[in-house]
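Below is one structure, written out as structure tokens; comments come after it.
The values are calculated or read from the model by the stated rules, or taken from the named source; none is laboratory data. Please read these numbers as outputs of a predicted model, since none were measured by experiment. Backbone-built Cβ (ideal geometry, glycine too); neighbour counts: all protein chains shown.
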Amino acid sequence: MARSSDSSPGAGGIAAAPAVAEHIHRRRWAILGVLMLSLLIVVLDNSILNVAMKTIATPAPTGLGASQSQLEWAINSYTLVFAGLLFTAGLLGDRLGRKKVLLTGLVIFGLGSVLAAVSGSPGQLIAFRAVMGLGGALVMPATLAILMNVFERDEQPKAIGIWAGGVGLAIAIGPIAGGLLLAHFWWGSVFLVNVPIVLIALAAMVLLVPDSKDPRPGRLDPVGVLLSVVGLVLLVYGIIKGGQLADFTDPQVIGTVLAGLLVLAGFVLYEKRIDHPSIDISYFRKPAFSAAVAAIALVFFALMGVTFFMVFYIQSVRGYTPLQAGLLILPLAAAQMIFAPRARHVVDRFGAKAVCTVGMLLVALTMSGFLLMDTDTPIFVLEVLFFLQGTGMAHIMPPVTVSIMQSLPREKAGSGSALNNTFRQVGGTLGVAVLGSLLSASYRDGIQSALDSVPGLPAGARHAAGESIEATLGVAEKLGPAGRELAAAANDAFVHAMHVTALGSATVAVVGALVVGFFLPGKTDDRAAGRGRETPRETSPAGKP
């Protein structure tokens, strides 16, 4: 029996959504738990990989001997495929059924994890990470879309807060699990751990989660998807190449970046002209929507760049093991787990604009705080910075996600979720590319003189050793006692490069604060949206479980 109600319009003039069926409503929290399990493997995989990067960078048989740029592509191959296919994945969920798409994504993700675990070279790892990105693209938008269809509008902020807190849980579990696995097994175990989680999630999904879809889905947009993928690949590849060459004015770099921007501009123009776009450009006319997606992109741009260099700071410069590195990241995760589910209470009191602006400024402050970190700074300083950073993010992600999802009608939840996750992943991808390239270029400049002073080091080996701190430390180890001076120079050069990159991250976070402060609706608008809350009707979009 469906829960009855009237059919008054929802916020922003959107028609009221159908009611959630009573039997689905009763088990909505169990369904949320299953959705968080699916979310867990997607986020956990990236957090585990961050801990394993140092091991993968070491030569065989311990690792794969991956270079700095190959490590970046191991991350970016996943996120580029993920972001490029999210549009289509959201539309597929709305058209075919979100549960079907989610189950398919879990299977592909599990198979990709097995293949990544047995990779024999950095190139194979990059390719199989792309397969995992395909599976993740099918999983992520479906989880949030199903959530929006099993919870009524008044409970959605609470459910989204818990959903966002699940990211914090994955951030906590990932590095610790990765550290434990790397302490006892080979590096591929960090991918195989996904398999049992996938199997449990598949079984729970079949039993508990209902299906839902858009009763009036649009057609697919293969041309738009192709343009978005090509544009992003060209743009990010150009930025990474600039970091490798330590020269962003190189014609190859400029040409690739400009080509990417032109393709992305063509993508936007094409989407505006067709009647079945992957992304409905008209959504961006709503300040609550456009400011929210911009905030997501900017905060993940800053965060992913910092995460990339922090792993090497903790393990390479400070000498901690992968397990210890995972434990050191706990404050960041704990803050998100504590505050994300409670962020809605602060938003109710002060409004989304004020809360998100302060959250962004807190993130910028913690990014600047990394300037305090040196080769011998007490580690508790880093722990405090991580906790404050997690607190700031916990007061950004839930409110902006609620703002995005409640700006759209419920039947378009798949598309809305896809947009939310696309901007997050694109922001993170560009953060790794831009800030990783800045880190690489700054490090190469700082270590070059020390490498030039090493007698008998061939030019090719000198160039390779300057690409990353791991490569430099590898050369220093081969020099024996004479390499201590080079290792010390590598640590100093990396810390300086880290400071430069942290300032770049802080600047991006400040820009995010300005965007949120100027464009995100304030407390008055929040209350108006609450008065216009959807009241469900008698039919249900959720299918039989």
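Which pairs turn up if I take residues in the range 335-358 that are crowded, with 18+ Cβ neighbours inside 10 Å and look for partners that are acidic (Asp, Glu) with beta carbon separation below 6 Å, at least 6 apart in sequence or on another chain? Note: pairs meeting the criteria are 351/526; 352/526. Residue count for the range 90-106, restricted to those that are in contact with a strand residue (DSSP E or B) (Cβ under 8 Å, 6 or more places away or on another chain) and either in a loop (DSSP other than H, G, I, E, B) or surrounded by fewer than 21 Cβ atoms within 10 Å (Cβ to Cβ) (or both): 1. Scanning the range 222-247 for residues that are at pLDDT below 70 and among the hydrophobic types (A, V, I, L, M, F, W, C) returns 240, 245, 246. Is at least one residue of the range 273-283 buried (at least 16 other Cβ atoms within 10 Å of the Cβ), assigned to a helix (DSSP H, G or I) and not aromatic (Phe, Trp, Tyr)? No, every residue in the range 273-283 fails to be buried (at least 16 other Cβ atoms within 10 Å of the Cβ), assigned to a helix (DSSP H, G or I) and not aromatic (Phe, Trp, Tyr). In this structure, residue 292 does satisfy being modelled with pLDDT of 80 or more, assigned by TED's automatic domain parsing to the domain that holds residue 75, closer than 23 Å to residue 427 by Cα and buried (at least 21 other Cβ atoms within 10 Å of the Cβ). Restricting the range 303-334 to residues that are touching a residue at least 12 places away in the same chain (Cβ under 8 Å), over 28 Å from residue 426 (Cβ atoms) and not hydrophobic (A, V, I, L, M, F, W, C) leaves a set whose member that is surrounded by the fewest Cβ atoms within 10 Å (Cβ to Cβ) is 321.
Return the only residue of 504, 446 being in contact (Cβ under 8 Å) with a residue 12 or more places away in the chain and touching a His at 6+ places or on another chain (Cβ under 8 Å). Explain how you work it out, then say what you get.
On the way: 504 fails: touching a His at 6+ places or on another chain (Cβ under 8 Å).
Residue meeting the stated conditions: 446.
Name the single residue, out of those in the range 346-374 being among the charged types (D, E, K, R) and touching a helix residue (DSSP H, G or I) at 6+ places or on another chain (Cβ under 7 Å), that is nearest to residue 512 (Cα to Cα). It comes out as 353.
Contact map, the range 449-460: residues that are under 14 Å from residue 483 (Cα atoms) paired with residues that are at pLDDT below 75, Cβ distance under 6 Å, separation 6+ or inter-chain. Pairs shown: 451/462; 451/465. Total residues in the range 219-237 satisfying the condition of being of a type in the set (A, V, I, L, M) and assigned to a loop (DSSP other than H, G, I, E, B): the figure is 1. Can you tell me which residue within the range 173-221, out of those that are exposed (fewer than 15 other Cβ atoms within 10 Å of the Cβ) and hydrophobic (A, V, I, L, M, F, W, C), is modelled with the lowest pLDDT? Result: 183.
Residues that are over 21 Å from residue 496 (Cα atoms) and either modelled with pLDDT of 85 or more or not in a helix (DSSP H, G or I) (or both) are absent from the range 364-383.
Being assigned to a helix (DSSP H, G or I) and under 19 Å from the mean Cα position of the chain (by Cα), is that true of even one residue in the range 114-124? No: the range 114-124 contains no residue that is assigned to a helix (DSSP H, G or I) and under 19 Å from the mean Cα position of the chain (by Cα). The condition of being without any contact (Cβ under 8 Å) to a residue 24 or more places away in the chain, crowded, with 22+ Cβ neighbours inside 10 Å and hydrophobic (A, V, I, L, M, F, W, C) holds for only one of 87, 109, 82, 128, that being 128.
Yes or no, residue by residue, for (1) of a type in the set (Gly, Ala, Ser); (2) under 21 Å from residue 317 (Cβ atoms):
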site	(1), (2)
458	no, no
466	yes, yes
471	yes, yes
474	yes, yes
477	no, yes
481	no, yes
491	no, yes
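Exactly one residue out of 401, 429, 422, 377 is without any contact (Cβ under 8 Å) to a residue 24 or more places away in the chain, among the polar types (S, T, N, Q) and either surrounded by 24 or more Cβ atoms within 10 Å (Cβ to Cβ) or out of contact with any helix residue (DSSP H, G or I) (no Cβ under 8 Å at 6 or more places or on another chain) (or both): that is 377. Screening the range 264-288 for residues that are among the hydrophobic types (A, V, I, L, M, F, W, C) and over 25 Å from residue 432 (Cα atoms) and picking the one that is farthest from the chain's Cα centre (by Cα) gives 274.
One residue stands out among those in the range 499-511 that are surrounded by 23 or more Cβ atoms within 10 Å (Cβ to Cβ) and aliphatic (A, V, I, L, M): the one that is farthest from residue 392 (Cα to Cα), which is 502.
Taking (1) of a type in the set (A, V, I, L, M); (2) modelled with pLDDT of 75 or more; (3) under 20 Å from residue 300 (Cβ atoms) in turn, residue 447 satisfies each apart from (3). From the list 450, 464, 433, 502, the one residue that fits, being in a helix (DSSP H, G or I), aliphatic (A, V, I, L, M), over 30 Å from residue 105 (Cβ atoms) and within 25 Å of the chain's Cα centre (by Cα), is 502.
For the range 460-473, the criterion of being assigned by TED's automatic domain parsing to the domain that holds residue 301, within 18 Å of residue 55 (Cα to Cα) and of a type in the set (Val, Ile, Thr) is met by at least one residue.
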